[in-house]
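Quick note: the coordinates plus some simple rules give every number you see, no bench work behind them. All values derive from a computational prediction rather than experimental measurement. All Cβ positions, even for glycine, are placed from backbone atoms using ideal geometry, and neighbour counts span all protein chains on display.
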Amino acid sequence: MKILIIDDSNSIAMMVGQFIKELGHDSYHATDGRDAIDMIAQEDNFDLILLDWNMPEMDGLEFLKYNQENSLTKTPIMMMTTENKPEKIMKALEFGAVEYIMKPFSKDVLESKISTLKSMAA
Ligand SMILES: [Mg+2]
């Protein structure tokens with residue numbers, strides 16, 4: 001799978017990218033929502049998007065809204081968040097995220113989330 005990480009933290013993007021590589025997938029990195037829009041507009045060929053919530057320029061929720069309003073991509077989007085407030089998670093799901101994962105997470109948790117998404121898509 002081609003997995004796009006959208007996160008302003010280079011250290012988190014590197015760590016998650018390493019997990020993705022170890023799980024046998026290819027990882028790509030966008031530093032915020034704007035950067036991600038540019039990448040996707042250039043080539044909409046990702047299989048999964050991992051989206052951070054808090055970012056400068058365009059944050060995760062703004063990216064979800066932009067995606068809904070502009071039909072940018074149909075790629076499944078998983079929110080990566082330190083927020084565990086149900087109303088915030090509901091908001092992300094309402095704006096088109098299909099799953100969320102609590103930061104920090106292990107490679108095993110990421111693997112199981114990815115396989116859940118695969119079985120949903122099947
Ligand atoms: Mg962040």
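Distances over 24 Å make up what percent of all Cα-Cα pairs in region 2-117?
Numbers: 1014 of 6670 pairs.
Counting pairs separated by more than 24 Å, the tail of P(r) holds 15 percent.
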Among 74, 85, 107, which one moves the most in a GNM of the chain with springs linking Cα atoms closer than 10 Å?
85
Just to be sure I follow the rule: in the chain, considering lysines 8 or more places apart or on different chains, how many pairs have Cα atoms under 18 Å apart?
17
Let me know the shape class of region 58-122, please: from the alpha-carbon gyration tensor, a ≥ b ≥ c as square roots of the eigenvalues, rounded when a/c is under 1.5, otherwise prolate if a/b is greater than b/c, or oblate.
oblate
Summing -39500 (n - 2.57) over every DSSP H run of at least 4 residues in the chain and dividing by its residue count gives a helix-only mean residue ellipticity at 222 nm, to the nearest 500 deg cm²/dmol, of -14500 deg cm²/dmol
Grab the other residues whose beta carbon is less than 12 angstrom from that of residue 74, score K and R as +1, D and E as -1, and report the net.
-2
Region 2-117, dipole about Cα centre (Lys/Arg Cβ +1, Asp/Glu Cβ -1), debye to the nearest 20:
320 debye
